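Encoded as structure tokens, the structure appears first; notes follow it.
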Amino acid sequence: MRVWRIARRPYADLSGKGGMFGSGRWHNQGVKLIYTAASAALASIEYVVNTTQRPLDTVLMEITIPEEKLITIEEVIGGPLPGNRDGDHQNTRPLGMAWLESGRCAMLSVPSIVIPTERNILLNPDHPDFYKVTLIDVKPFFFDPRIYKQ
């Protein structure tokens with residue numbers, strides 16, 4: 001399966017170090033985690049909703065993951081995700097942290113807040129199966145200036 005990530009050029013790797021510097025929807029600060037999306041379009045929207053200025057050094061990362069190693073958050077918690085709203089981190093962070101700490105798998109599929117019918121894929125770079133994740137390509141990616149109109 002192919003997944004996508006938009007990143008600034010200096011951070012276009014699979015280290016997961018970005019999670020060390022701040023908390024996200026599914027993790028607490030200080031934890032390595034890579035957020036990706038099931039499409040390049042979703043990856044770009046996810047990036048834009050978290051920035052206020054048009055970056056000039058962004059790249060599109062194309063990554064392959066072994067689909068048989070991918071599980072969903074619904075499988076982890078045994079049913080539908082409670083709430084799927086922006087700011088609902090009190091529900092999602094503990095779930096993401098429990099998944100990371102369990103070591104169950106290297107990849108977790110979760111619903112996007114921006115487009116709830118689409119999926120983001122979380123990658124745990126510290127998992128033993130992470131070596132099966134491959135960075136295929138890194139290409140310059142430029143946002144249309146109209147996206148950042150003020």
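Side notes on the structure shown:
- Kirkwood hydrodynamic radius over Cα pairs of region 15-93, then Stokes diffusion coefficient at 4 °C and 1.567 mPa s, in µm²/s: 88
- Given the chain, longest segment not containing exposed loop chymotrypsin sites (Phe, Trp or Tyr not before Pro) (DSSP; at most 14 other Cβ within 10 Å): 22-141
- Between L81, N28, V133, the Cα set farthest toward the positive side of the dipole of region 2-142 (charges on each charged residue's Cβ, about the Cα centre) is that of N28.
- Maximal additional length on extending the M20-R8 stretch stands at 2.7 nm, based on 0.36 nm per residue less the C-alpha distance.
- Positive contributions from Lys and Arg (+1) and negative ones from Asp and Glu (-1), summed over other residues with Cβ under 14 Å from the Cβ of L70, come out at 0.
- Estimated distance in nm for a label pair at Q90 and E67, the labels positioned 7 Å out from Cα along Cα-to-Cβ: 3.9
- Positive minus negative residues near K132 (Lys, Arg vs Asp, Glu; Cβ under 13 Å): -2
- Gain on full stretching of the segment that runs from Q53 to Y148 - 0.36 nm per residue minus C-alpha separation: 33.6 nm
- Diffusion constant of region 2-142 at 20 °C, which comes from Stokes-Einstein with the Kirkwood Cα-pair radius and 1.002 mPa s, µm²/s: 141
- Derived scalar couplings ³J(HN,Hα) [region 20-27; Karplus, 6.51 cos²θ - 1.76 cosθ + 1.60; whole Hz; x for Gly, Pro]: 6, 9, x, 6, x, 4, 10, 8
- Computed extension gain for S39 through M1, at 0.36 nm per residue and net of the alpha carbon distance, reaches 12.6 nm.
- In degrees, nearest ten, helix 89-102 long axis to first principal axis of the chain (Cα): 60
- Taking the chain as a Gaussian network of alpha-carbon nodes connected by springs under 10 Å, the highest mean-square fluctuation of the residues K32, K132, K17 belongs to K132.
- Only helices enter the 222 nm calculation for the chain: every DSSP H run of n ≥ 4 contributes -39,500 (n - 2.57), and dividing by all residues gives -5500 deg cm²/dmol, rounded to 500.
- Region 1-48-region 95-150 distance, computed between alpha-carbon centres (Å): 5
- Pairs of lysine residues in the chain - Cα separation under 23 Å, sequence separation of 8 or more or cross-chain: 7
Rule-based calculations on the coordinates, nothing more; no lab input. Keep in mind the model is a prediction, meaning the values are calculated, not measured. Positions of Cβ are backbone-derived with ideal geometry, glycine not excepted, and every protein chain shown enters the neighbour counts.
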